[in-house]
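Colleague: Sending over a structure as structure tokens; questions will come in a sec.
Nothing in this text is a laboratory measurement; each read-out follows from the coordinates by a stated rule. Here the structure is a predicted model, which is why all the values come from computation and not from measurement. Every residue, glycine as well, gets a Cβ built from its backbone with ideal geometry; the counts of neighbours run over all protein chains shown.
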Amino acid sequence: MKRILPLLSVALLLCVSCRKNADPVVAQVYQYKLYASEVQADVPLGLSQEDSITLVRDFIDNWVKEKLVLHEAERHLSPREKNFDREMTEYRNSLLAQRYLDKIWQKDTANNAITDKEITDFARSLDDRYTVEKEIVRVNYVKMPTRSDKLPLVRDILFDERQRDVQKETLVSMLGDTIEYLLDDDEWLYLDDLQNEVAFQIDVQKLGNRGSSLRIEKEVGENTVLLVILDYRSQRSVNDTKDERAAAGMLLMNQRRTRMINQYVQTLYDKALKEGKIVQ
């Protein structure tokens, strides 16, 4: 195997190769050659010299290992084992059929359109099968520096139900993009995930009767967490969280797609059979 050029030299070659007609070989493994233009095409613009050298090194290392394995495969596999004509034909046919069916499905706008109500109804039909004993909460919370002069006003708004409802936009404008917060009343979160996020345990038993809220203020390091638990459930279903609704919608879409494709293929089969195009 030909020795790989030093990385700094490779980086320099990549910088100047575009200004020369020659395309230098930067690495060689047996009969395989790697040219500077191939490496250059894989290096994004705007990287520092250190990052460029690291990326070049990784690219060349991977290329060398790939060619070593390829060389051994060429040596030790029989001509029959190296013949992929059948596999390539089957793969191409599969891709063609899949692409055509995708095109047919995309034209079927009636089945492609799924309403929120359809997702809700479908998700509810799955509840009995997919309900899981895992605690979830609806919550508003803010985590901000304890020494912030905005903390008292944020606390007053967040912990007052009437103000919180009418001054959500004021809160958002005050908090900006640099402070962590969640003010979506409709989103359900896993209690475990919320506790990991705020870095303390939450006693949901203090929530009391359904419909009441629980206010918590706690200092965590240099920050203060203001937390309002709006609702709590000891289990969740596929209709509760946004991710699960999205998954239910995808499942419904896939079911519709499968049904449409099966019907289309059956129509093709019946037509060809009637016309005598199928001999079995």
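Colleague: Can we say GLN40 is touching a Cys at 6+ places or on another chain (Cβ under 9 Å) and either in contact (Cβ under 8 Å) with a residue 12 or more places away in the chain or not basic (Lys, Arg) (or both)? Can you show your working first?
Modeller: Details: touching a Cys at 6+ places or on another chain (Cβ under 9 Å): yes; either in contact (Cβ under 8 Å) with a residue 12 or more places away in the chain or not basic (Lys, Arg) (or both): yes.
Here the answer is yes, as GLN40 does meet what is asked.
Colleague: In addition: Which of the residues spanning region 51-97 are over 29 Å from ARG257 (Cβ atoms), loosely packed, with under 12 Cβ neighbours inside 10 Å and among the acidic types (Asp, Glu)?
Modeller: ASP58, GLU72, GLU74, GLU81, ASP85
Colleague: The conditions are (1) hydrophobic (A, V, I, L, M, F, W, C); (2) under 26 Å from TYR35 (Cα atoms); (3) touching a residue at least 60 places away in the same chain (Cβ under 8 Å), and ILE104 fails exactly one of them. Which is it?
Modeller: It fails just one condition, (2).
Colleague: Now a separate question. Does GLU135 fit the bill of being surrounded by fewer than 17 Cβ atoms within 10 Å (Cβ to Cβ), acidic (Asp, Glu) and out of contact with any Cys (no Cβ under 9 Å at 6 or more places or on another chain)?
Modeller: Values: surrounded by fewer than 17 Cβ atoms within 10 Å (Cβ to Cβ): no; acidic (Asp, Glu): yes; out of contact with any Cys (no Cβ under 9 Å at 6 or more places or on another chain): yes.
No, not satisfied.
Colleague: Please verify whether TYR100 is in contact with a His (Cβ under 8 Å, 6 or more places away or on another chain) and surrounded by 10 or more Cβ atoms within 10 Å (Cβ to Cβ), treating the condition exactly as stated.
Modeller: So TYR100 does not fit the description; no.
Colleague: Here is a further query. Looking at LYS134 and the list (1) within 24 Å of ASP185 (Cα to Cα); (2) in a helix (DSSP H, G or I), which single condition is not satisfied?
Modeller: Just one mismatch for LYS134, condition (2).
Colleague: Counting only residues that are among the charged types (D, E, K, R), give me the helices (runs of 4 or more DSSP H) lying completely in region 34-131 with at least 3 of them. Working first, answer last.
Modeller: On the way: elements: 36-40, 49-76, 85-107, 109-112, 116-130.
The helices (runs of 4 or more DSSP H) meeting that bar are 49-76, 85-107, 116-130.
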